[in-house]
Amino acid sequence: MKIIACVRQTPDTETVVKIAGDGKSIETDGIKYIIGPYDEYSLEAAVQLKDETSGNVTALSLGPSRVGEALRASLARGADSAVHINTDGAETDDALVVASALAEQIKKMDYDVVITSTKGSDSDRGAVGPMLAELLGLPYIGLVSEIACSDGKFNCKRQVEGGVTESFTVSTPAVICCEQGVRGQARYPSLMQIMKAKKKKIEVVDFASLGVDGGLAKLELESLEYPPERPPGRIIDGDSLDAKLDELIRLLKEEAKVL
Amino acid sequence: MSKAVLVIGEVTTAGVAKGALECISEAKRAGADSVEVVLFGQGAKDQAAAAGKAGASQVHYVEEAGYSLSQRAETVKGVIDSKSPALVMLSSNTYGKELAGVLAARYKSALATECLEIRFEGDVVKATRPMLAGKVLAKVKLNGAVAVATLRPNTVPATEDGADAPVADLALGGSADGVVLTDSSKGSNGGEVDLSEAAVVVAGGRGLKGPENFHLIDELAEPLHAAIGATRMVVDAGWKDFHLQVGQTGKVVTPDLYIAVGISGAIQHLVGMQNSGCIVAINNDPGAPIFKVADYGIVEDLFEATPKLTEKLKAAVN
């Protein structure tokens, strides 16, 4: 299988987020960027699937120059090649702008399947995968928690609401969005893989060359705020474990009214 | 401009899906002047009328034998093209998320996902949605025609003070594509109750010391009909399946009651559960950060407290 794995570079999940002075963006000073934690899992799935099918994986990412690091890391984790849509100086916050640029680039590439992940851990949108499918005119399956390939088709399972497991067969070409853990933990690259990845070339495509209409950006960010702080709770006192638990149950019934 | 809203959701033989009812209620609260609803279901037409109780003015019922995203999109397209709603609303569930993305790309619409609140200001649709796993809230404006928004489950109450609405059949449009549903079954993978929709969640962390002790969580969940959750550590160590993970790289849950057992409260976990209605924490370390967000804290050894709480709850809820 020829696989395109979409990878997004996001702030480290341990980042303490500070809203910048403009009230519309976050302070980027001191932020460490990583491969999106959700994309780590989908990239792992892509690499395992290419090994099982003697295929190849191209990691594809959109963003400013720093995104090159995420692609380098993707190469170390087993991608064979990488394409970077460089957005330096361009406004590319909107999901449809991102999806349109990715779609324009993907149209020029040779592939069987595009693999995306649940969401970017920064934007928390989860929108680009299905948008990409629509723009490419491809079938889409979201939030897959199991994936295997046989006879040129994918067998996928996913957990949907109500504790139901759905099974699908997916013919290529298609866009498949993988949940976290779809193929277990993402691998840590060996030193050897990191060294090898340094020698591989990353193809850089200028965002402007893809001809994406900036007018597609229709979601306007007005302001960012911190979520309201939760009022402090209390530690339940009591002479014994029994007394504490009885008081807890009383509070759950009478005060919180959740029992 | 109209303030017409189109809600898309599911209906089962048990009734209209909660996510759809929440969307209808939120559309009314947002100031919609009409709420039309398209419900996909199997043999559940009789239940679809109940959407009126939440405020729907008209319900379209689509009998669906399997599941096909492309067919859902084609079916809904007919309604959007004829009714030109200002806003299309879906629940942020598996189906809602993927259909929202497809529709937004098709109509070149503004798309706001995982909204906590949606409102009309004049004719303009505005919404609040979390970013960076809820570390910040974004106030957004959805410009252009046919805005699309998904509403996070369990965030707004579904009101049911209306009357049944008229139900019309709507034929499933389009044709199947390369994604074919072959089986749909109640799984035994993890808890019986779905995590993101559950009213009560009982979650376990590192304090349980090993997978062999996770039965304490299962047992506590039972009398509460709760969904089971776990921390990233539990999932990374392979004690529990990935889809039970609550937190920044797992699911964000907002149940009425969240009971955290043996969970210290790393930020990664807190962002996934701190908007729950009532939080109870059981941990033997009084300095654990989980107690900062817990409404009620029990500082005790979980191995003694949990089975005892299970017994007491069994008696209390009966």
Checklist entry - Only one of B:Val201, B:Val146, B:Val180 is farther than 27 Å from A:Ile26 by Cβ, open to solvent by 30 Å² or more (accessible area, probe 1.4 Å), touching a strand residue (DSSP E or B) at 6+ places or on another chain (Cβ under 8 Å) and of a type in the set (Val, Ile, Thr); which? => result B:Val180
Next on the checklist: Please verify whether B:Thr159 is out of contact with any His (no Cβ under 6 Å at 6 or more places or on another chain), within 11 Å of chain A (Cβ to nearest Cβ) and not aliphatic (A, V, I, L, M), treating the condition exactly as stated.
Outcome noted: no
Checklist entry - Condition test on A:Leu143, is it within 7 Å of another protein chain (Cβ to nearest Cβ), closer than 30 Å to B:Asn143 by Cα and in contact with a Leu (Cβ under 8 Å, 6 or more places away or on another chain)? => result no
Checklist outcome for this item: Exactly one of A:Gln105, A:Gln159 is polar (S, T, N, Q), farther than 22 Å from B:Ser175 by Cβ and more than 11 Å from chain B (Cβ to nearest Cβ), and that residue is A:Gln105
Checklist outcome for this item: Checked segment B:231-256 for anything of a type in the set (Gly, Ala, Ser) and either surrounded by 20 or more Cβ atoms within 10 Å (Cβ to Cβ) or outside any loop (DSSP other than H, G, I, E, B) (or both); matches are B:Gly247, B:Gly250
Checklist outcome for this item: If we ask which residues in segment B:210-224 are surrounded by 13 or more Cβ atoms within 10 Å (Cβ to Cβ) and either on the phi > 0 side of the Ramachandran plot or not in a helix (DSSP H, G or I) (or both), their number turns out to be 1
Checklist entry - For segment B:11-35, which residues satisfy the criterion of being part of a strand (DSSP E or B) and open to solvent by 30 Å² or more (accessible area, probe 1.4 Å)? => result B:Thr12, B:Ser34
Checklist entry - Given the structure, is B:Pro286 under 25 Å from B:Leu116 (Cβ atoms), outside any helix (DSSP H, G or I) and not acidic (Asp, Glu)? => result no
Checklist entry - Here are some residues: B:Lys139, B:Lys108, B:Lys135. Which one is basic (Lys, Arg), farther than 18 Å from B:Ser92 by Cα and modelled with pLDDT of 95 or more? => result B:Lys108
Checklist entry - Applying the selection to segment B:154-171, what residues are farther than 17 Å from B:Gln47 by Cα and open to solvent by less than 20 Å² (accessible area, probe 1.4 Å)? => result B:Val156
Checklist entry - How about segment B:116-152: which of its residues are under 22 Å from B:Lys251 (Cβ atoms), in a loop (DSSP other than H, G, I, E, B) and at the interface with chain A (Cβ under 8 Å from one of its Cβ atoms)? => result B:Lys135
Checklist entry - Here are some residues: B:Ser185, B:Ser264. Which one is out of contact with any Phe, Trp or Tyr (no Cβ under 6 Å at 6 or more places or on another chain), without any contact (Cβ under 8 Å) to a residue 12 or more places away in the chain and not in a helix (DSSP H, G or I)? => result B:Ser185
Next on the checklist: Could you go through segment B:280-296 and let me know if any residue there is surrounded by 23 or more Cβ atoms within 10 Å (Cβ to Cβ), under 24 Å from A:Gly163 (Cα atoms) and not assigned by TED's automatic domain parsing to the domain that holds B:Glu114.
Outcome noted: no
Item to check | segment A:91-137, residues that are more than 22 Å from B:Thr113 (Cβ to Cβ) and in contact with a Gly (Cβ under 8 Å, 6 or more places away or on another chain) | outcome: A:Glu104, A:Asp112
Checklist entry - Of all residues in segment B:101-115, how many are facing chain A (nearest Cβ under 7 Å) and either in a helix (DSSP H, G or I) or without any contact (Cβ under 8 Å) to a residue 12 or more places away in the chain (or both)? => result 5
Next on the checklist: Please determine whether any residue of segment B:55-65 is within 14 Å of chain A (Cβ to nearest Cβ) and more than 16 Å from A:Pro130 (Cα to Cα).
Outcome noted: yes
Next on the checklist: List pairs: first residue in segment A:171-188 and within 9 Å of another protein chain (Cβ to nearest Cβ) and modelled with pLDDT under 95, second residue open to solvent by 40 Å² or more (accessible area, probe 1.4 Å) and in a strand (DSSP E or B) anywhere in the structure, Cβ distance under 7 angstrom, at least six positions apart or on different chains.
Outcome noted: A:Val182/A:Glu146
Next on the checklist: Being more than 24 Å from the chain's Cα centre (by Cα) and basic (Lys, Arg) is the filter here; which residues of segment A:202-242 pass it?
Outcome noted: A:Arg230, A:Arg234
Checklist entry - Taking strands (runs of 3 or more DSSP E) that do not extend beyond segment A:1-81, which have at least 1 residues that are within 12 Å of chain B (Cβ to nearest Cβ) and open to solvent by less than 60 Å² (accessible area, probe 1.4 Å)? => result A:9-11, A:33-35
Checklist outcome for this item: Residues of segment A:128-144 being in contact with a helix residue (DSSP H, G or I) (Cβ under 6 Å, 6 or more places away or on another chain) and either among the β-branched types (Val, Ile, Thr) or farther than 17 Å from A:Lys2 by Cβ (or both), in sequence order, are A:Val128, A:Pro130, A:Met131, A:Glu134, A:Leu135, A:Tyr140, A:Gly142, A:Leu143
Next on the checklist: For segment B:67-86, give me each residue that is hydroxyl-bearing (Ser, Thr, Tyr) and within 11 Å of chain A (Cβ to nearest Cβ).
Outcome noted: B:Tyr67, B:Ser68, B:Ser70
Item to check | Subset of segment B:297-313 (residues that are part of a helix (DSSP H, G or I) and either among the β-branched types (Val, Ile, Thr) or not assigned by TED's automatic domain parsing to the domain that holds B:Pro255 (or both)) | outcome: B:Thr306, B:Thr310
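The values are calculated or read from the model by the stated rules, or taken from the named source; none is laboratory data. These numbers come from a predicted model, not from an experiment. With ideal geometry, Cβ positions are generated from the backbone for all residues, glycine too; neighbour counts draw on all protein chains shown. Ligands, DNA and RNA are excluded from the accessible area calculation, which covers all protein heavy atoms including side chains. Shrake-Rupley method; radii C 1.70, N 1.55, O 1.52, S 1.80 Å.
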